[in-house]
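Notes to accompany the following structure.
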Amino acid sequence: MPQSETINLKYKIKFDGGDADQHRLEAYPAAQSLEGLTWALGLTLHFGVTGDVRGRGNLSRSAKIFISPPRRGSVLNDLNILVQENPFLVATVGAYTVGTVTPYINGLLKYTFKQALGEGGEFPTGAKRLLRKLNGDDLDKLVTRIEPPLTRAHAVIGKTADKITFKSKRTDIAELNHDTKAYLDAKLTDAFETIDTNVTSFNVLTGNGRLYDPETEGTAAFSLSSSPREGTKSTMIASMEQFASGRRGTIRFVVQRVETVEHRLKKFVVASAEEIPSSDWVDGIDPMRVAR
């Protein structure tokens with residue numbers, strides 16, 4: 001990868017709290033954290049420069065990550081990412097320059113990491129136009145793929161440090177802390193509950209999507225269970241299509257919650273979805289097809 005053909009993006013990983021404030025970290029959890037963070041970073045970069053979602057195997061040589069040792073007197077690592085020109089990258093950013101590649105890579109990292117860490121949010125302002133060119137379904141897959149390595153990246157949290165910040169010169173990419181650790185460590189509850197609501201997005205291939213959560217009055221992530229009731233997928237697709245057409249699209253879900261120990265919702269796991277029977281309609285109005 002000749003230097004003349006690459007763009008060098010510089011980042012910092014900083015550990016704070018606990019032993020880190022004494023300029024040291026326990027070696028094993030620190031190594032786990034760096035491995036998890038750099039693997040999540042590698043998967044995201046691979047997608048950014050190739051458009052391909054990968055979970056294992058060799059990653060593209062068009063993006064290489066180099067890490068520098070901690071600076072003397074601090075627990076701060078420098079990362080250098082060398083991004084090489086290639087057809088997919090140029091087609092996405094429009095021109096292979098620092099001014100196009102930098103906001104695109106930073107925006108992609110910030111968006112996917114925040115989604116995986118449970119902080120949500122829209123595309124970063126400076127990267128919206130570029131990120132909208134990417135396949136939305138593949139972006140959803142990528143977020144799911146980087147959750148396991150980001151879980152490993154939290155190995156130091158609560159053991160030898162309290163916080164990890166990952167940033168470029170002008171952009172805060174992500175912060176890993178006790179809250180994000182709890183989000184990724186969320187567990188499936190035993191109880192099933194029934195929710196009447198609508199699907200706002202659904203990826204049939206991955207089984208992931210979002211639905212309106214009446215409790216929070218916002219959307220929440222969901223995944224299909226390993227063996228959903230027959231007809232669940234088609235009913236959810238119908239709900240999404242009705243909602244997109246300006247109707248309520250309300251159907252009946254049976255779900256389990258995936259929650260942190262503080263009962264913060266991470267997502268729903270959908271066991272079944274079906275149209276609400278006419279006997280439960282209010283004033284004889286079909287909640288699936290009535291206008292919003």
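The values are calculated or read from the model by the stated rules, or taken from the named source; none is laboratory data. The structure displayed is predicted, hence computed values, not measured ones. Here Cβ is always computed from backbone atoms with ideal geometry, including for glycine, and neighbour counts include all displayed protein chains.
Laid out as a table, the results:
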{"read-out": "Qualifying residue in segment 142-155 (condition: in the same structural domain as Gly55 (by TED's automatic domain parsing) and more than 16 Å from the chain's Cα centre (by Cα))", "value": "yes"}
{"read-out": "Among (1) out of contact with any helix residue (DSSP H, G or I) (no Cβ under 6 Å at 6 or more places or on another chain); (2) surrounded by fewer than 19 Cβ atoms within 10 Å (Cβ to Cβ); (3) touching a residue at least 60 places away in the same chain (Cβ under 8 Å), the one test that Pro287 misses", "value": "(2)"}
{"read-out": "Selection status of Val90, of a type in the set (Val, Ile, Thr), surrounded by fewer than 16 Cβ atoms within 10 Å (Cβ to Cβ) and out of contact with any Ser or Thr (no Cβ under 6 Å at 6 or more places or on another chain)", "value": "yes"}
{"read-out": "Checklist (1) touching a Gly at 6+ places or on another chain (Cβ under 9 Å); (2) assigned to a strand (DSSP E or B) applied to Arg252, failing item", "value": "(1)"}
{"read-out": "Residue in segment 211-229 that is farther than 22 Å from Glu119 by Cβ, surrounded by 20 or more Cβ atoms within 10 Å (Cβ to Cβ), without any contact (Cβ under 8 Å) to a residue 60 or more places away in the chain and of a type in the set (Phe, Trp, Tyr) present", "value": "no"}
{"read-out": "Residue satisfying all of: in segment 113-146; of a type in the set (Val, Ile, Thr) and without any contact (Cβ under 8 Å) to a residue 60 or more places away in the chain; surrounded by the most Cβ atoms within 10 Å (Cβ to Cβ) among these", "value": "Val143"}
{"read-out": "Residue selected from segment 37-87 under the condition outside any strand (DSSP E or B) and of a type in the set (Lys, Arg), by the criterion surrounded by the most Cβ atoms within 10 Å (Cβ to Cβ)", "value": "Arg54"}
{"read-out": "Every residue from segment 219-241 that is closer than 16 Å to Asp140 by Cβ and small (Gly, Ala, Ser)", "value": "Ala220, Ala221, Ser223"}
{"read-out": "Verdict on Gly158 being at positive phi and crowded, with 18+ Cβ neighbours inside 10 Å", "value": "no"}
{"read-out": "Sole exception among (1) among the hydrophobic types (A, V, I, L, M, F, W, C); (2) surrounded by fewer than 18 Cβ atoms within 10 Å (Cβ to Cβ); (3) in contact with a His (Cβ under 8 Å, 6 or more places away or on another chain) for Phe192, by number", "value": "(3)"}
